[in-house]
Amino acid sequence: MSHIRLALVEDDAVVRELLRSYLCGQPEFDCVAVAVSVEDLLAQLPYLRQLPQVLLLDIALPGQSGLEALPLLRQRLPDTDIVMQTVFDDADRIYQALCRGASGYVLKHTPLAELKAAVLEVAQGGAPMSRAVARKVLAHFKPTPTTRPDLLTPRELDVVQGIIDGLGDKQVAARLGLSLDTVRTFVKRIYKKLEVGSRTELARRMRE
């Protein structure tokens, strides 16, 4: 089984060591870089044997913050999914991170096992968000899915409602009695129909 190449950027030495010892010890992961800042990570990139598939990035960093660095990191690492990890759960900061290209957003008090699951999820094409984060972001968008019957089927609207409620794909599948693959197919179809690329964009589009 191929390993997921993972990079970590965290300035707090205690947290960084906790993440490194736990995540880098998991059989699913191959830690290719552990950095204390965005600048440190950028300096390491030319020397890496392989670029990371997933980057776990702190927002509050010395020098360039994770939020400020997102556009540059998306440019330098176009094939890398970036999951933001932070103590900040204000909706504006979360929204900015997602709009700038973050693939997921988890809070620092997330249990390590759930953090591992989030990394695995994003590596499989998902968009993990802590439930509290998802609710906070999507609370800004009061969905009116019935205003778009011309675009979405009733079942697709059910999936949209689950996303709006802050559920992950697995939870939507459990709610609707569908397989995970079926839900993911629905999500891809919905994104294509509405011409969106993320859950946040979907919520905004449904508000229109």
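Laboratory data are not the source of any read-out in this text; all were calculated from the coordinates shown. Values in this document were obtained by computation on a predicted structure and should not be read as measured data. Every residue, glycine as well, gets a Cβ built from its backbone with ideal geometry; the counts of neighbours run over all protein chains shown.
Given a Förster distance of 41 Å, report the FRET efficiency between Ala60 and Lys188 from their Cβ-Cβ distance, rounded to the nearest 0.05.
E(calc), rounded to 0.05, equals 0.75.
Using only Cα atoms and rounding to the nearest 10 degrees, what angle (0 to 90) does helix 13-23 make with the longest principal axis of the chain?
Relative to the chain, helix 13-23 is tipped by roughly 70 degrees.
Can you give me the C-alpha center-to-center distance between the range 156-208 and the range 20-56, rounded to a whole angstrom?
31
Taking 1 over the mean of 1/r across every pair of different Cα atoms in the range 4-136, what Kirkwood radius in Å do you get?
14.4
When only C-alpha pairs under 8 Å and at least 6 residues apart count, what is the relative contact order of the chain, in percent?
Dividing the mean separation by the residue count of the chain yields 14 percent.
Glu201 to Asp30: extension gain in nm, 0.36 nm per residue of separation minus the Cα-Cα distance?
58.4 nm
Output ³J(HN,Hα) for the range 34-44: one whole-Hz value per residue in order, computed from phi by the Karplus curve 6.51 cos²θ - 1.76 cosθ + 1.60 with θ = phi - 60°, and x for Gly and Pro.
For the range 34-44, the Karplus-derived couplings read 10, 10, 9, 7, 4, 4, 4, 4, 4, 5, 7 Hz, x marking Gly and Pro.
Kindly flag which residue pairs out of Lys116/Lys192; Lys108/Lys188; Lys116/Lys188 have an alpha-carbon separation exceeding 26 Å in this structure.
Lys116/Lys192; Lys108/Lys188
In whole percent, what relative contact order does the range 1-52 give with Cα contacts below 8 Å and a gap of six or more residues?
44
In the chain, what cysteines have no partner Cβ closer than 4.7 Å?
For the chain, the answer is Cys99, because their Cβ atoms have no other cysteine Cβ under 4.7 Å.
For the charge dipole of the range 4-136, defined by +1 on Lys and Arg C-beta atoms and -1 on Asp and Glu C-beta atoms about the Cα centroid, which residue among Gln64, Thr80, Val36 has the Cα displaced farthest towards the positive pole?
Selected residue: Thr80.
For the range 4-136, with only Lys/Arg (+1) and Asp/Glu (-1) charged at the beta-carbon, what is the dipole magnitude about the Cα centre, in debye rounded to 20?
That gives the range 4-136 a dipole magnitude of about 260 debye.
Within the range 35-73, name every residue whose backbone N is under 13 Å away from a label modeled 7 Å from Cα of Val87 along the Cβ vector.
Zone members listed by number: 59-61.
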